[in-house]
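Undergrad: The structure under discussion is supplied below as structure tokens; questions concerning it will follow.
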Amino acid sequence: MRKIYVIGIGAGDPDHLTLQAAKAIGRTDVFFLLDKGEAKESMIELRRRMLKAYGKPGRRIAEGRDPDRDRTPADYEGTIADWRRRRSEVTEALISEHLLDDEVGAFLVWGDPSLYDSTIAILDEILARGATRFEYEVVPGISSVSALAAKHRIGVNRVGRPFQVTTGRRLAEQWPPGVDDVIVMLDAQQSFGTVDGDVDIYWGAYIGTPDELLISGPLAEVAEEIRRVRAEARERHGWIMDTYLLRRRT
């Protein structure tokens with residue numbers, strides 16, 4: 001039976017790689033890479049360094065192109081379902097063509113595979129179709145949420161109180177009810193601009209990399225600075241990955 005690892009490789013710092021992840025990389029025969037169009041050399045180079053440091057001799061790389069999707073669809077759930085189906089077809093073709101019987105394959109996932117990543121769901125979709133068989137194991141990684149909190153030297157939650165992780169799209173609709181601490185990911189539209197009230201923000205981009213950016217303070221005072229710094233960084237690098245925590249003062 002073929003085996004596949006889904007390996008969390010952290011938010012960007014090579015030292016985020018866990019011992020478990022390094023050992024899994026060392027057992028892998030074929031690495032599957034699905035790059036988005038905006039993937040830049042710095043992101044690719046980090047993966048190369050990990051494979052060089054921990055990969056075994058003779059390892060292979062099978063590359064595919066991540067299908068494009070509409071970023072502002074009228075039917076969000078339908079668009080995502082269609083994109084996942086197309087992505088699963090690309091992934092299945094890579095596995096079928098490149099992973100031999102009794103070999104080990106792996107996907108290197110930014111952050112943690114359980115948090116806003118589709119790899120697990122796509123592998124389940126492939127297995128459900130029944131044409132391609134394999135077993136898989138998930139190796140957790142340090143998420144951008146954990147890295148953000150560490151860099152700002154804060155706790156994600158406050159004593160005895162819940163928090164919620166959500167997306168910029170959801171935040172733009174409403175502040176999640178019942179919580180005062182909200183972690184926001186995947187926010188290309190900077191939805192913190194829709195938030196009113198006495199709120200602090202802890203923002204970070206390129207966390208764990210030499211290009212790391214960190215800003216914190218009262219939202220009303222630093223929101224414009226974050227917009228400016230973010231726009232300049234995206235223009236400079238051609239891409240940006242950022243995360244932030246919003247904390248109501250109570």
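Undergrad: Carbon-plus-sulfur fraction of the accessible area of the chain, 1.4 Å probe, in percent? Don't skip to the end; give the middle numbers.
TA: Working: 6210 of 12900 Å².
The value for the chain is 48 percent carbon and sulfur by accessible area.
Undergrad: Let me ask something else. Would you kindly derive the ³J(HN,Hα) couplings of the range 185-190 from the backbone phi angles with the Karplus curve 6.51 cos²θ - 1.76 cosθ + 1.60 (θ = phi - 60°), listing them in order in whole Hz, with x for Gly and Pro?
TA: Along the range 185-190, the couplings run 10, 6, 10, 6, 9, 6 Hz.
Undergrad: Give the shape of the range 54-181 as rounded, prolate or oblate, defined through the alpha-carbon gyration tensor: a ≥ b ≥ c are the square roots of its eigenvalues, a/c under 1.5 means rounded, and otherwise the shape is prolate if a/b is larger than b/c and oblate if not.
TA: Details: a/c = 2.59, a/b = 1.52, b/c = 1.70.
Oblate, since a/c reaches 1.5 and b/c is not below a/b.
Undergrad: I'd like to verify something in the chain: which complete DSSP H helices, judged by Cα projection on the helix axis, reach 18 Å or more and average at least 1.6 on the Kyte-Doolittle scale? Could you put the intermediate results ahead of the total?
TA: Details: long enough: 41-54 (20 Å, -0.63); 76-98 (33 Å, -1.03); 219-237 (27 Å, -1.02).
Helix filter hits for the chain: none.
Undergrad: Still on this model: Number of Lys pairs in the chain with C-alpha atoms less than 19 angstrom apart, excluding same-chain neighbours closer than eight positions?
TA: 5
Undergrad: List, in order, the whole-Hz ³J(HN,Hα) value for each residue of the range 131-139 obtained from phi through the Karplus relation with A = 6.51, B = -1.76, C = 1.60 and θ = phi - 60°; use x for Gly and Pro.
TA: Couplings: 7, 10, 10, 6, 10, 9, 9, 9, 10 Hz.
Undergrad: Shifting gears a bit: Any chance you could run the full-extension gain for residue 22 through residue 161? It's 0.36 nm times the residue separation minus the Cα-Cα distance, nm to one decimal. Intermediate results must be reported in sequence, preceding the final value.
TA: Working: separation 139, 0.36 × 139 = 50.04 nm, distance 3.49 nm.
Net length gain for the segment: 46.5 nm.
Undergrad: Ignoring everything except DSSP H segments at least 4 long, calculate the 222 nm mean residue ellipticity for the chain; use -39,500 (n - 2.57) per segment, divide by total residues, nearest 500. Write out the running numbers ahead of the final one.
TA: Details: 7 runs with 91 residues, N = 250.
Calculated mean residue ellipticity at 222 nm is -11500 deg cm²/dmol.
Undergrad: Now a separate question. For the range 83-152, run through the trypsin sites (Lys or Arg not before Pro) and keep only the ones in DSSP coil with at most 15 other Cβ atoms within 10 Å of their Cβ. Could you put the intermediate results ahead of the total?
TA: On the way: sites: 84, 85, 86, 87, 129, 133, 151; in loops: 133.
For trypsin sites (Lys or Arg not before Pro) across the range 83-152 that sit outside H, G, I, E and B with at most 15 neighbouring Cβ atoms in 10 Å, the list reads 133.
Undergrad: So for the range 67-136, averaging the separation of alpha carbon pairs under 8 Å that are six or more residues apart and normalising by length, what relative contact order in percent results? Don't skip to the end; give the middle numbers.
TA: Details: 29 pairs, mean separation 20.9, N = 70.
This gives 30 percent for the range 67-136.
Undergrad: Would you mind getting me the FRET efficiency between residue 114 and residue 60? Use the beta-carbon distance for r and R0 = 25 Å, nearest 0.05.
TA: Numbers: r = 27 Å, r/R0 = 1.07.
E between residue 114 and residue 60, to the nearest 0.05, is 0.40.
Undergrad: Which sequence of 3, 52 reflects their accessible areas, 1.4 Å probe, from the largest down?
TA: On the way: 3 45, 52 165 Å².
In descending accessible area the options line up as 52, 3.
Undergrad: Can you list the GluC sites (Glu not before Pro) in the range 86-134 that are in a DSSP coil and have 16 or fewer other beta carbons within 10 angstrom? Walk me through the numbers on the way to the answer.
TA: Details: sites: 89, 92, 97, 103, 125; in loops: 103.
The qualifying sites are 103.
Undergrad: How large is the accessible surface of residue 114 in square angstrom, using a 1.4 angstrom probe and rounding to the nearest 10?
TA: Surface open to solvent at residue 114 totals about 90 Å².
Undergrad: Find the centroid of the Cα atoms in the range 153-205 and in the range 210-230, then give the distance between the two in whole Å.
TA: The two parts, judged by their Cα centres, are 15 Å apart.
Undergrad: Given (1) 1.00; (2) 1.07; (3) 0.90 as candidate values of Cα Rg over 2.2 N^0.38 Å, which corresponds to the one derived from the coordinates?
TA: Here Cα Rg over 2.2 N^0.38 Å agrees with entry (2).
Undergrad: Now a separate question. Could you list which residues have their amide H under 5 Å from that of residue 2, counting only those 5 or more apart in sequence or on another chain, with H placed in the peptide plane?
TA: Close amide H contacts, sequence-distant or interchain: 102, 135.
Undergrad: Kindly report the accessible area of the chain per residue (heavy atoms of protein chains, probe 1.4 Å, no ligands, DNA or RNA), in Å².
TA: Accessible area per residue, the chain: 52 Å².
Undergrad: List every residue whose amide H lies under 5 Å from the amide H of residue 211, counting only residues 5 or more places away in sequence or on a different chain, with H placed 1.01 Å from N in the peptide plane.
TA: Those lying under 5 Å, H to H, from residue 211: there are none.
Undergrad: Could you order the peptides 229-237, 105-113, 138-146, 55-63 from most to least packed, using the average number of other C-beta atoms within 10 Å per residue? The partial results should precede the final answer.
TA: Values: 229-237: 14.2, 105-113: 23.7, 138-146: 22.1, 55-63: 12.7.
Order by mean packing, descending: 105-113, 138-146, 229-237, 55-63.
Undergrad: Relative contact order for the chain: what percent, with Cα pairs under 8 Å and sequence separation of 6 or more? Each step should come with its number before you reach the end.
TA: On the way: 431 pairs, mean separation 59.3, N = 250.
Reported as a whole number, the value is 24 percent.
Undergrad: Hey, another quick one. Please sort 191-199, 116-124, 74-82 by packing, taking for each peptide the average over its residues of neighbouring beta carbons within 10 angstrom, highest first.
TA: Packing order, densest peptide first, comes out as 116-124, 191-199, 74-82.
Undergrad: Sticking with this one: What shape does the range 194-242 have by the C-alpha gyration tensor, where a ≥ b ≥ c are the square roots of the eigenvalues, rounded means a/c under 1.5, and otherwise prolate means a/b greater than b/c and oblate the rest? Walk me through the numbers before you get to the answer.
TA: Values: a/c = 2.76, a/b = 1.84, b/c = 1.50.
Prolate shape, in that a/c is at least 1.5 and a/b is the bigger ratio.
The values are calculated or read from the model by the stated rules, or taken from the named source; none is laboratory data. These numbers were taken from a predicted model, which means no experiment stands behind them. Note: ideal-geometry Cβ built from the backbone for every residue, glycine included; neighbour counts use all protein chains shown. Accessible surface is based on the protein model in full, side chains and every heavy atom, while ligands, DNA and RNA are left aside. Shrake-Rupley method; radii C 1.70, N 1.55, O 1.52, S 1.80 Å.
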